[in-house]
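Beneath this line is the structure, given in structure tokens, with notes to follow.
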Amino acid sequence: PSRRMNRLRIISINDVYELAQLPSIKTMLQKLSQGPHTTVSIMAGDFVSPSVLSSLDSGKGMIDCLNRIPITHACFGNHEADIGIPELRKRINEFGGKWLNSN
């Protein structure tokens, strides 16, 4: 009998502090997402903060980029709250993927 195998590919990235790295991540995810499988991309913490940009925009630029890649899931890192809880709540609502947990 023929059995159809369902495959799940999980791509996890963390500690991304510079927007300049994101085009490479998008290209990698596009290549790895091809094929007969389901792919999820996870940003596993420490991406909203700390970075020079987030000190200026409280992580908004990073969230905008993650949505464009797209990153499908995110985990809170220990630096996400560095921007303050009110700003973090805004970033949570702006992210188009699912929040999973805390690292």
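Please go through region 1-60 and give me each residue that is over 13 Å from the mean Cα position of the chain (by Cα) and among the small types (Gly, Ala, Ser), ordered by number.
Matches in region 1-60: 2, 20, 24, 33, 35, 51, 54, 55, 58.
Within region 52-97, can you find the residues that are open to solvent by 60 Å² or more (accessible area, probe 1.4 Å) and among the hydroxyl-bearing types (Ser, Thr, Tyr)?
55
For region 18-32, check the following and say yes or no: at least one residue is among the hydroxyl-bearing types (Ser, Thr, Tyr) and in a loop (DSSP other than H, G, I, E, B). Can you show your working first?
Applying the first criterion (among the hydroxyl-bearing types (Ser, Thr, Tyr)) to region 18-32 yields 24, 27.
This time we only want the ones that are in a loop (DSSP other than H, G, I, E, B), so: none.
Within region 18-32 (the criterion being among the hydroxyl-bearing types (Ser, Thr, Tyr) and in a loop (DSSP other than H, G, I, E, B)), the answer is no, since none of the residues qualifies.
If you take the residues of region 29-51 that are among the hydroxyl-bearing types (Ser, Thr, Tyr) and surrounded by 13 or more Cβ atoms within 10 Å (Cβ to Cβ), which of them is farthest from residue 87 (Cα to Cα)?
We begin by selecting, within region 29-51, every residue among the hydroxyl-bearing types (Ser, Thr, Tyr); these are 33, 38-39, 41, 49, 51.
Imposing the further condition that a residue be surrounded by 13 or more Cβ atoms within 10 Å (Cβ to Cβ) reduces the set to 33, 39, 41, 49, 51.
Working: 33: 32, 39: 30, 41: 24, 49: 11, 51: 15 Å.
Ranking the candidates gives 33 first.
Which residue pairs have Cβ atoms closer than 7 Å, lie 6 or more positions apart in sequence or on different chains, and pair a first residue in region 54-82 that is touching a residue at least 40 places away in the same chain (Cβ under 8 Å) and at positive phi with a second residue that is open to solvent by less than 60 Å² (accessible area, probe 1.4 Å) and among the charged types (D, E, K, R)?
Listed pairs, sorted by first residue: none to list.
So, residue 10, is that one part of a strand (DSSP E or B), among the aliphatic types (A, V, I, L, M) and open to solvent by 60 Å² or more (accessible area, probe 1.4 Å) or not? Please lay out each step first, then the result.
Working: part of a strand (DSSP E or B): yes; among the aliphatic types (A, V, I, L, M): yes; open to solvent by 60 Å² or more (accessible area, probe 1.4 Å): yes.
Here the answer is yes, as residue 10 does meet what is asked.
Of the residues that sit in region 65-86 and are at pLDDT below 95 and in a helix (DSSP H, G or I), which one is farthest from residue 48 (Cα to Cα)?
68
Only one residue in 49, 54, 41 is assigned to a helix (DSSP H, G or I) and hydroxyl-bearing (Ser, Thr, Tyr). Which one? Write out each step before concluding.
On the way: 49 fails: assigned to a helix (DSSP H, G or I); 41 fails: assigned to a helix (DSSP H, G or I).
After ruling out the rest, the residue left standing is 54.
The values are calculated or read from the model by the stated rules, or taken from the named source; none is laboratory data. In this text, all values refer to a predicted model and were calculated from it rather than measured experimentally. We place every Cβ from the backbone using ideal geometry, glycine too, and count neighbours over all the protein chains shown. To get the accessible areas, we keep the full protein, side chains included, count just its heavy atoms, and leave off ligands, DNA and RNA. Shrake-Rupley method; radii C 1.70, N 1.55, O 1.52, S 1.80 Å.
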